[in-house]
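Asks: If you scroll down you'll find the structure; I have some questions about it.
The values are calculated or read from the model by the stated rules, or taken from the named source; none is laboratory data. Just so you know, these numbers come straight off a predicted model, no measurement behind them. Every residue, glycine among them, receives a Cβ derived from its backbone with ideal geometry; neighbour counts consider all protein chains shown.
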Amino acid sequence: NEEVFRRTEKLNTVGELAAGIAHEIRNPLTSLKGFLHLIKNGELKEEYTDIMESELDRIEFILNEFLVLSKPHLTKYNKKDVHVLFKQILPLFKTQAAYKNIQLVTEFDSEELLINCNGNQLKQVFINFIKNAMEAMSSGGVIKIECKKEHNELCIRFIDEGSGISEENLKRLGEPFFTTKENGTGLGLMVSFKIIQEHGGTIQIKSQLGRGSTFEIKLPFG
Ligand code: ADP
Ligand code: MG
């Protein structure tokens, strides 16, 4: 029972998107106002300022995600070695992987895989996929990352042993604000799909409930 989906673009109408952003930003703003009010009334606790800081971080994070979508024509592209991009991001996950009993395994079929891209954006996609895989693996396991030259494309697969995704949810991936997590934003995949689309690539997702998921990116060489 395997599901295959191809999504390169799933942006809703401007109205829906605007409503979503407004909603996501209003929540932390309301909370910030509440705490500010308490502080004005003389109740200053360190706990309050910590919450306020994390609410501000959340607003900043959401806005940063949307900046990627706003000016695609200004994105700079150069030749980057995908191997190097991974070397730059994998250390970020070391502590958390150990803590969650997750092994990150990489398999590159050649030393150098040069691709014309915006390195920071591709790294953002890789980070999003690895984070999601780790968040889906509550009881540990292996996340395998494969990079291969297939025909004239670079094929990057993220194979996890996580919860898998139901057929119903699979259809909704990439919708802005679609999340099944208590503290999720539901923006990671939307932004990732958009970035890969702008690179002329595609994303394919296969998943089996209870067994795991594979997120596959294909990018054209040259
Ligand atoms: P968020 O991580 O904030 O929820 P994303 O856009 O990154 O937002 O992901 C949207 C949803 O897609 C997640 O809430 C989760 O339900 C599902 N998902 C994404 N990647 C995986 C994965 N590797 N395994 C299981 N579910 C996933
Ligand atoms: Mg995510």
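Asks: Take Glu46 and decide whether it is over 20 Å from Gln197 (Cβ atoms) and at pLDDT below 90.
Replies: For Glu46, the condition - over 20 Å from Gln197 (Cβ atoms) and at pLDDT below 90 - is met.
Asks: Look through Leu173, Leu219, Leu189 and report the one residue that is touching a residue at least 12 places away in the same chain (Cβ under 8 Å), part of a loop (DSSP other than H, G, I, E, B), among the aliphatic types (A, V, I, L, M) and buried (at least 18 other Cβ atoms within 10 Å of the Cβ).
Replies: One residue alone meets the criteria, Leu173.
Asks: Ok, one more. Pairs under 8 Å by beta carbon, first residue over 14 Å from Asp57 (Cα atoms) in the stretch 17-33, partner in a helix (DSSP H, G or I), six or more apart or different chains?
Replies: Ile21/Ile62; Ile21/Phe66
Asks: Which ones in the stretch 162-193 are near ligand 1 (Cβ under 7 Å from one of its atoms), aliphatic (A, V, I, L, M) and over 16 Å from Glu24 (Cα atoms)?
Replies: Residues satisfying the conditions are Ile165, Leu173, Leu189.
Asks: Here's another thing I want to ask about it. Kindly indicate the residue of the stretch 148-200 that is modelled with pLDDT of 95 or more and closer than 21 Å to Asn120 by Cβ and also farthest from ligand 2 (Cβ to nearest atom) among those meeting that condition.
Replies: The selected residue is Leu154.
Asks: Kindly evaluate Phe5 against the criterion of being modelled with pLDDT of 85 or more and among the aromatic types (Phe, Trp, Tyr).
Replies: So Phe5 fails the test.
Asks: Turning to a different aspect of this structure: Please work out which residue is nearest to Asn101 (Cα to Cα), limiting yourself to the stretch 111-132 and to residues that are aliphatic (A, V, I, L, M) and surrounded by 20 or more Cβ atoms within 10 Å (Cβ to Cβ). Show your work before the answer.
Replies: At the first step, the residues of the stretch 111-132 found to be aliphatic (A, V, I, L, M) are 113-115, 122, 125, 127, 130.
Narrowing further to those that are surrounded by 20 or more Cβ atoms within 10 Å (Cβ to Cβ): 113, 115, 122, 125, 130.
On the way: Leu113: 30, Ile115: 32, Leu122: 26, Val125: 23, Ile130: 14 Å.
Per the criteria, the residue is Ile130.
Asks: For Gly141, indicate whether it is away from ligand 2 (no atom under 12 Å from the Cβ), in contact with a helix residue (DSSP H, G or I) (Cβ under 9 Å, 6 or more places away or on another chain) and on the phi > 0 side of the Ramachandran plot.
Replies: Against the criterion (away from ligand 2 (no atom under 12 Å from the Cβ), in contact with a helix residue (DSSP H, G or I) (Cβ under 9 Å, 6 or more places away or on another chain) and on the phi > 0 side of the Ramachandran plot), Gly141 does not qualify.
Asks: Do you know which of the residues in the stretch 199-215 that are surrounded by 19 or more Cβ atoms within 10 Å (Cβ to Cβ) and within 26 Å of Ile62 (Cα to Cα) is nearest to ligand 1 (Cβ to nearest atom)? Talk me through it step by step, then tell me what you get.
Replies: Looking only at the stretch 199-215, we keep the residues that are surrounded by 19 or more Cβ atoms within 10 Å (Cβ to Cβ), and these are 199, 201, 203, 205, 207, 212-213, 215.
Add one more test, that the residue is within 26 Å of Ile62 (Cα to Cα), and what stays is 199, 201, 203, 205, 213, 215.
Numbers: His199: 18, Gly201: 18, Ile203: 11, Ile205: 8, Ser213: 4, Phe215: 6 Å.
Here the answer is Ser213.
Asks: Which of the residues that make up the stretch 155-170 are in a helix (DSSP H, G or I) and either under 13 Å from the mean Cα position of the chain (by Cα) or under 18 Å from Glu135 (Cβ atoms) (or both)? Before the answer, list the steps.
Replies: To start, the set of residues in the stretch 155-170 that are in a helix (DSSP H, G or I) comprises 167-170.
Answer for the stretch 155-170, where residues must be in a helix (DSSP H, G or I) and either under 13 Å from the mean Cα position of the chain (by Cα) or under 18 Å from Glu135 (Cβ atoms) (or both): Asn169, Leu170.
Asks: Might you check whether a residue that is in contact with an Asp or Glu (Cβ under 9 Å, 6 or more places away or on another chain), buried (at least 21 other Cβ atoms within 10 Å of the Cβ) and more than 19 Å from Ala98 (Cα to Cα) occurs anywhere in the stretch 133-150?
Replies: no
Asks: Taking Ile196 and the conditions (1) assigned to a loop (DSSP other than H, G, I, E, B); (2) more than 9 Å from ligand 1 (Cβ to nearest atom), which numbered condition does it fall short on, given that it satisfies the others?
Replies: Unmet for Ile196, out of (1) assigned to a loop (DSSP other than H, G, I, E, B); (2) more than 9 Å from ligand 1 (Cβ to nearest atom): (1).
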